[in-house]
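Asks: Questions regarding the structure given below will be posed in turn.
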């Protein structure tokens with residue numbers, strides 16, 4: 001068997017951890033080969049070695065039958081290897097074309113030949129069905145379109161082996177379906193794809209073969225047509241995984257959160273939350289389903305004090321918290337798992353121990369008379385790290401050194417441990433593997449059973465359907481319908497999210513179904 005890529009017996013160590021332990025990966029020409037594993041399993045490290053960002057401590061790489069040393073991304077590019085990173089590397093103020101040619105600018109008469117570049121970008125976009133406008137600025141296009149720009153960047157540089165690193169982490173269901181079409185088109189055009197992912201549904205939909213990595217070791221390579229999600233999940237985490245959450249009957253109690261005619265504007269002074277009404281009761285999970293950009297982010301920012309409400313009221317247990325300071329809202333009993341764990345969830349250069357007390361460091365037992373008790377902080381952090389299975393070399397490790405899944409577990413540990421009356425969980429499992437997702441879902445259900453009110457915002461419709469007692473559909477900044485998971489399905493929710501009305505149901509700006 002001839003392979004387009006062979007990584008033989010790769011080993012890579014970092015201080016205190018073996019990221020890749022004797023891993024062999026073989027990719028066939030013209031296949032989509034999935035690389036599956038938990039966060040921190042070593043998938044991205046392996047691909048960063050293939051792309052020249054890291055050097056292996058042992059092992060060899062063979063590209064198209066020839067042993068090679070990939071000492072940098074430039075060398076990888078010369079070998080036809082391109083990487084579409086999970087966190088896009090684009091300049092907001094530049095056009096699509098300017099971003100694509102950055103670092104590889106064509107010149108004519110000593111000047112950058114934008115016209116020729118634009119035409120090449122347009123031709124590539126048409127060839128692969130990407131439908132990208134070469135003249136649009138990055139800041140004016142959707143996240144899904146930005147990802148297409150990243151794909152075009154690799155194609156522009158002549159890549160025929162493409163590495164996709166968690167490509168659907170920030171995409172809507174529709175954008176995911178479009179990306180799957182694009183990947184299949186790329187393979188039809190002769191490309192080979194390595195897909196780093198933890199989403200079993202997508203592997204089953206698009207991959208030909210799958211290599212499973214667990215804690216730095218290659219467990220198996222299987223033909224996707226001959227396996228199933230349950231088997232893959234078991235190989236990935238080393239045990240059986242529950243795909244659904246067992247819930248007790250829905251028995252809501254008193255009202256905890258009440259939002260009345262809330263209006264919020266965004267940074268461009270555009271009204272993005274429009275006279276919105278919503279309630280969340282103790283002992284229930286209310287899920288908000290909507291296409292990204294319909295006011296979800298600004299709604300959460302208004303509730304948590306991160307953004308000013310223009311009008312309307314927000315009540316927590318009958319206390320008006322509208323436009324109160326963030327610290328006051330926290331002290332009144334609001335917990336917040338933010339959608340962007342790096343921007344709003346953690347101080348990345350602080351230790352994981354210090355991150356565990358970001359909201360409580362000034363109160364006993366962590367401080368007295370303005371002096372911190374570091375022993376109490378460390379004791380607290382050790383307990384949470386143990387209780388929530390946060391995998392870290394030590395409590396002194398900087399937060400940025402942890403995998404995404406362990407960063408998220410740390411945030412959830414901190415927020416739940418404060419015992420808030422209202423827990424806002426915004427994209428709580430974004431970018432996480434099936435094991436971490438199962439863990440977080442169980443924690444949310446535990447809080448519901450304890451009588452807490454939970455507001456869940458997620459772009460993952462199966463997550464909304466699986467966890468919610470009621471689902472509020474948001475469109476253009478309004479709750480246009482309220483449905484029960486048992487009375488709807490993902491297809492109907494998808495239609496509601498684009499503004500369609502249910503048959504026999506009214507859609508309006510007030511909270512439906514109350």
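The values are calculated or read from the model by the stated rules, or taken from the named source; none is laboratory data. Owing to the predicted nature of the structure, the values given are computational and were not obtained by experimental measurement. Methodologically, a virtual Cβ is constructed for each residue, glycine included, from the backbone with ideal geometry; neighbour enumeration extends over all protein chains shown.
Asks: Tally the residues that are out of contact with any helix residue (DSSP H, G or I) (no Cβ under 7 Å at 6 or more places or on another chain) and part of a helix (DSSP H, G or I), restricting the search to the stretch 217-242.
Replies: 6
Asks: Report the residue count in the stretch 144-174 for those that are more than 13 Å from residue 84 (Cβ to Cβ) and under 14 Å from the mean Cα position of the chain (by Cα).
Replies: The number of residues fulfilling the criteria is 2.
Asks: While we're here: Does at least one position in the stretch 190-207 carry a residue that is more than 30 Å from residue 141 (Cβ to Cβ), in a strand (DSSP E or B) and in contact (Cβ under 8 Å) with a residue 40 or more places away in the chain?
Replies: No, that holds for no residue.
Asks: Can you find even one residue in the stretch 231-239 that is in contact (Cβ under 8 Å) with a residue 60 or more places away in the chain, farther than 30 Å from residue 25 by Cα and either under 26 Å from the mean Cα position of the chain (by Cα) or outside the structural domain of residue 466 (by TED's automatic domain parsing) (or both)?
Replies: no
Asks: Quick one: how many residues across the stretch 248-277 are outside any strand (DSSP E or B) and touching a residue at least 24 places away in the same chain (Cβ under 8 Å)?
Replies: Matching residues across the stretch 248-277 total 7.
Asks: For the stretch 151-163, indicate whether the set of residues that are farther than 23 Å from residue 52 by Cα, outside the structural domain of residue 403 (by TED's automatic domain parsing) and touching a residue at least 12 places away in the same chain (Cβ under 8 Å) is non-empty. Lay out the reasoning, then the answer.
Replies: Of the residues in the stretch 151-163, the ones farther than 23 Å from residue 52 by Cα are none.
Checked the stretch 151-163: no residue is farther than 23 Å from residue 52 by Cα, outside the structural domain of residue 403 (by TED's automatic domain parsing) and touching a residue at least 12 places away in the same chain (Cβ under 8 Å).
Asks: Can you name every residue in the stretch 293-326 that is closer than 15 Å to residue 264 by Cα and part of a helix (DSSP H, G or I)?
Replies: Once the filter is applied, which keeps residues that are closer than 15 Å to residue 264 by Cα and part of a helix (DSSP H, G or I), the stretch 293-326 yields 296, 297, 298, 299, 300, 301, 302, 303, 304.
Asks: For the stretch 341-376, give me each residue that is in contact with a strand residue (DSSP E or B) (Cβ under 9 Å, 6 or more places away or on another chain) and farther than 23 Å from residue 301 by Cα.
Replies: 349, 350, 351, 352, 362, 366, 373, 376, listed by residue number.
Asks: Which one is modelled with the highest pLDDT among residues in the stretch 235-270 that are surrounded by 16 or more Cβ atoms within 10 Å (Cβ to Cβ) and closer than 30 Å to residue 33 by Cβ?
Replies: Filtering the stretch 235-270 for residues that are surrounded by 16 or more Cβ atoms within 10 Å (Cβ to Cβ) and closer than 30 Å to residue 33 by Cβ, the one modelled with the highest pLDDT comes out as 235.
Asks: Could I ask something else about it? Is it fair to say residue 107 is free of Cβ contacts under 8 Å to residues at least 24 places away in the same chain, closer than 25 Å to residue 73 by Cα and in contact with a strand residue (DSSP E or B) (Cβ under 9 Å, 6 or more places away or on another chain)?
Replies: On the way: free of Cβ contacts under 8 Å to residues at least 24 places away in the same chain: yes; closer than 25 Å to residue 73 by Cα: yes; in contact with a strand residue (DSSP E or B) (Cβ under 9 Å, 6 or more places away or on another chain): no.
No; evaluated as a whole, the condition is false for this residue.
Asks: Tell me which residues, restricted to the stretch 363-385, are assigned to a helix (DSSP H, G or I) and either touching a residue at least 60 places away in the same chain (Cβ under 8 Å) or farther than 15 Å from residue 414 by Cα (or both).
Replies: We begin by selecting, within the stretch 363-385, every residue assigned to a helix (DSSP H, G or I); these are 374-385.
374, 375 - these are the residues of the stretch 363-385 that are assigned to a helix (DSSP H, G or I) and either touching a residue at least 60 places away in the same chain (Cβ under 8 Å) or farther than 15 Å from residue 414 by Cα (or both).
Asks: Select from the stretch 177-201 the residues that are within 17 Å of the chain's Cα centre (by Cα) and surrounded by 19 or more Cβ atoms within 10 Å (Cβ to Cβ) and write down the one among them that is modelled with the lowest pLDDT.
Replies: Residue satisfying both the conditions and the ranking: 198.
Asks: Can you name every one of the strands (runs of 3 or more DSSP E) wholly within the stretch 409-497 that holds 3 or more residues which are farther than 22 Å from residue 340 by Cβ? Break it down into steps so the answer makes sense when it comes.
Replies: On the way: elements: 422-426, 453-457, 470-475, 478-483.
Those strands (runs of 3 or more DSSP E) span 470-475, 478-483.
Asks: Identify, please: which residue in the stretch 478-487 is out of contact with any helix residue (DSSP H, G or I) (no Cβ under 8 Å at 6 or more places or on another chain) and touching a residue at least 12 places away in the same chain (Cβ under 8 Å) and is, among those, nearest to residue 236 (Cα to Cα)?
Replies: 484
Residues checked against (1) touching a helix residue (DSSP H, G or I) at 6+ places or on another chain (Cβ under 9 Å); (2) modelled with pLDDT of 90 or more; (3) closer than 18 Å to residue 283 by Cα:
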residue	(1), (2), (3)
425	yes, yes, yes
445	yes, yes, yes
457	yes, yes, yes
469	yes, yes, yes
472	no, yes, yes
492	no, no, no
495	no, no, no
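Asks: Among the residues of the stretch 390-404, is there at least one that is modelled with pLDDT of 90 or more, surrounded by 22 or more Cβ atoms within 10 Å (Cβ to Cβ) and in a helix (DSSP H, G or I)?
Replies: The answer is yes, given that some residue of the stretch 390-404 is modelled with pLDDT of 90 or more, surrounded by 22 or more Cβ atoms within 10 Å (Cβ to Cβ) and in a helix (DSSP H, G or I).
Asks: I'd like the full set of residues that are assigned to a strand (DSSP E or B) and more than 18 Å from the chain's Cα centre (by Cα), limited to the stretch 327-362.
Replies: 334, 335, 351 - these are the residues of the stretch 327-362 that are assigned to a strand (DSSP E or B) and more than 18 Å from the chain's Cα centre (by Cα).
Asks: Output the number of the condition that residue 219 fails; it satisfies all remaining conditions of (1) surrounded by 14 or more Cβ atoms within 10 Å (Cβ to Cβ); (2) within 27 Å of residue 186 (Cα to Cα); (3) more than 24 Å from the chain's Cα centre (by Cα).
Replies: Going through (1) surrounded by 14 or more Cβ atoms within 10 Å (Cβ to Cβ); (2) within 27 Å of residue 186 (Cα to Cα); (3) more than 24 Å from the chain's Cα centre (by Cα) one by one, residue 219 breaks only (2).
Asks: Ok, one more. Please count how many residues of the stretch 319-332 are touching a strand residue (DSSP E or B) at 6+ places or on another chain (Cβ under 8 Å) and surrounded by fewer than 16 Cβ atoms within 10 Å (Cβ to Cβ).
Replies: Of the residues in that region, 2 qualify.
Asks: Out of the helices (runs of 4 or more DSSP H) lying entirely within the stretch 63-166, which hold 2 or more residues that are crowded, with 21+ Cβ neighbours inside 10 Å?
Replies: Counting at least 2 such residues, we get 96-101, 114-127, 143-156.
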